[in-house]
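In what follows, a single structure is set out as structure tokens and then discussed.
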Amino acid sequence: MSSSIERFDEKARGAFSRHGRTVVHRGELLRHPVYTRVLHWSVAISFILSLLSGFAIYSPWLYRWLTPLFGGGPMTRFLHPWFALLFTVLFVFQFMNWLAPMRWTSSDRRWMRRIRAYVSNTEKREAEDVGFFNGGQKLYFWAIVFSAVLFLITGLLLWFDDVVPRWLVAVSYVLHDIAALVMLAGFIIHIYEGTAAQPGTFRSMTDGTVTEEWASTHHPVWYAEVAGRASRQDDEDAREREPERTEPRV
Ligand code: HEM
């Protein structure tokens, strides 16, 4: 099946990969093509600019030191909605890019039931049914989608507060701040998971590649699809046979 979004994405992916390269060495897999990486970091930069300028407006008392970065207080207030609009537009592209792998499945429901083991890091390997993204990553993605919609609606109401009823402006402030808290909490967890918690993940968004071992450990279904091996068991069998092969023959 081919929708207009998929066709659009295919074209964009092709155009970007002609301008940037991803080198995949032996024992590695391509995880994120150039298009995805450019989008991800553009979204991240616009998000951080919105967040920092938003902090400075939210509590000038605490975050006054941030305003010189944007050219002073009034300039920060002027720029914040434009950074936020840029973030929203870029995120729409990322949304279309990742909509298919972010669909919620029964495997994600099972992942959510194991969340305690995941958070406490007791299981080094993900369960056999985890695909390209796990349930936690999808949850983060959908939290951004809902927060971005809430941000956009309430942000527009706050931007044009001179024509919006006062009670609606007051409600918008509260909802805008709730969305910001959700995004901030998700962002902190996301940085931790994408760097320190799972070594080997960060390079997927810089070089675009991961090791086969990383893929079979964290995303076994995806690994089986791209590496063409039936399951992780194949790897374990191979590893068990390894000492036999390396022993010198007499
Ligand atoms: C600035 C620090 C950031 C770092 C170090 C970072 C790192 C990463 C990495 C390594 C991945 C790939 C994970 C994988 O392939 O399994 C990823 C994916 C993703 N990033 Fe970021 N990212 C950052 C900022 C952001 C921001 C600001 C957003 C959006 C507001 C964002 C949204 C996403 C989403 C939705 C995914 C896919 C789902 C997931 O892996 O959680 N990232 N990021």
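Percent of Cα pairs in segment 65-153 per distance bin of 5 Å, from zero to the largest separation: 3, 12, 17, 15, 13, 12, 10, 8, 7, 3, 0. In segment 119-218, one over the average inverse separation of all distinct C-alpha pairs is 16.0 Å, which is the Kirkwood hydrodynamic radius.
Tell me the Kirkwood radius of segment 1-124: reciprocal of the mean inverse pair distance over distinct alpha-carbon atoms, in Å.
The answer is 18.0 Å.
Hydrodynamic analysis of segment 16-55 uses the Kirkwood radius over alpha carbon pairs. Inserted into Stokes-Einstein at 10 °C and 1.306 mPa s, it gives a translational diffusion coefficient of 132 µm²/s.
For the chain, a simple Cβ point-charge model (Lys and Arg +1, Asp and Glu -1, everything else neutral) yields a dipole of about 420 debye relative to the Cα centre. Using Cβ point charges alone (K and R +1, D and E -1), the dipole size of segment 40-170 about the Cα centre works out to roughly 360 debye. Share of pairwise Cα-Cα distances greater than 13 Å in segment 114-175 is 71 percent (whole percent). Cβ crowding within 10 Å ranks ASP9, ASP162 as ASP162, ASP9, fewest other Cβ atoms first.
Dividing the Cα radius of gyration of the chain by its Kirkwood radius returns 1.06 for Rg/Rh.
Any read-out appearing in this document is the output of simple, stated calculations on the displayed coordinates, not a laboratory observation. Remember, it's a predicted structure, so these values are computed and weren't measured experimentally. Cβ atoms come from the backbone with ideal geometry, glycine included; neighbour counts cover every protein chain shown.
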